[in-house]
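Here is the structure we will look at, set down as structure tokens.
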Amino acid sequence: SGLFRISSTEILSADELDSWLDTLQQSFTGKVTVICDVSDSGSFLSALIPPAGRNRIVLSGTSSGENACFLNQGLISFSTYFWNSIFTGENVFDAFNLAKEAMTNAAESGLIKWQTSLLDDNGNGVNDDGDGIQAKTTFVGNGTQFPGAPPVIGNISPNQGISGSDTAMV
């Protein structure tokens, strides 16, 4: 809780990360966004409160005491769903909620153990109803908006054998 193992000999505490971020935020007026998708990352939320007058968005893939899931070589993970949404032009809030919903669906289907993603962007160190205002107007990268919804596979044709022709109906 409150610790992140970087390597076999290095451990980063939530307080140390907060100190680094505070120092960084004293040197400019911009917003800092922290995205942490590791086991027990929710234990960092209360420590990562920004300095007075500064803005910080903190996302955690799990709550305190929960393991982060990286199934199928990481394809099923909070990070994958979050970054795919960012890549398609979503703001941080919508990307967070899409990733959280995807992980909830995976847990409800029994594919993974339950993990509860958290967001704090009002600087109080907790995930609560006051969060989301900054994240809704924050884009990571260039915030490219793509027209229309991404493609969805609705139905898949059954296996077919093709003989005596060079076409098949899909």
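Odds and ends about this structure:
- Both radii were evaluated on the Cα set of region 1-124; the Rg over Rh quotient, with Rh as the Kirkwood radius, amounts to 0.98.
- Summing charges over neighbours of CYS69, with a neighbour being any other residue whose Cβ is under 10 Å away from its Cβ, gives -1 when K and R count +1 and D and E count -1.
- Helix 14-26 axis, angle to the chain major axis (alpha carbon atoms, nearest 10°): 80
- In sequence order, calculated HN-Hα J values of region 83-100 (Karplus, 6.51, -1.76, 1.60; Hz; x Gly/Pro): 5, 4, 5, 4, 4, 8, x, 6, 6, 4, 5, 5, 4, 4, 5, 5, 5, 4
- Antiparallel bridge percentage (DSSP; both residues within the chain; nearest 5): 60
- Relative contact order (%) - criterion: Cα under 8 Å, at least six apart; region: the chain: 19
- Shown for the chain: the carbon plus sulfur share of the solvent-accessible area, taken with all protein chains present and a 1.4 angstrom probe, equals 55%.
- Surface per residue (accessible, 1.4 Å probe) for the chain, Å²: 60
- Net charge dipole size for region 36-170 [Lys, Arg +1 and Asp, Glu -1 on Cβ; Debye, nearest 20]: 200
- Total formal charge among the other residues, if their Cβ is under 13 angstrom from that of TYR81, Lys/Arg +1 and Asp/Glu -1: -3
- Distant-in-sequence amide contacts of ILE76, defined by a placed amide H-H separation under 5 Å and a gap of 5 or more residues or a different chain, comprise LEU71.
The values are calculated or read from the model by the stated rules, or taken from the named source; none is laboratory data. Remember, it's a predicted structure, so these values are computed and weren't measured experimentally. Using ideal geometry, Cβ is built from the backbone for each residue, glycine included, and neighbour counts are taken over all protein chains shown. Side chains included, ligands, DNA and RNA excluded: accessible areas come from the protein's heavy atoms. Shrake-Rupley method; radii C 1.70, N 1.55, O 1.52, S 1.80 Å.
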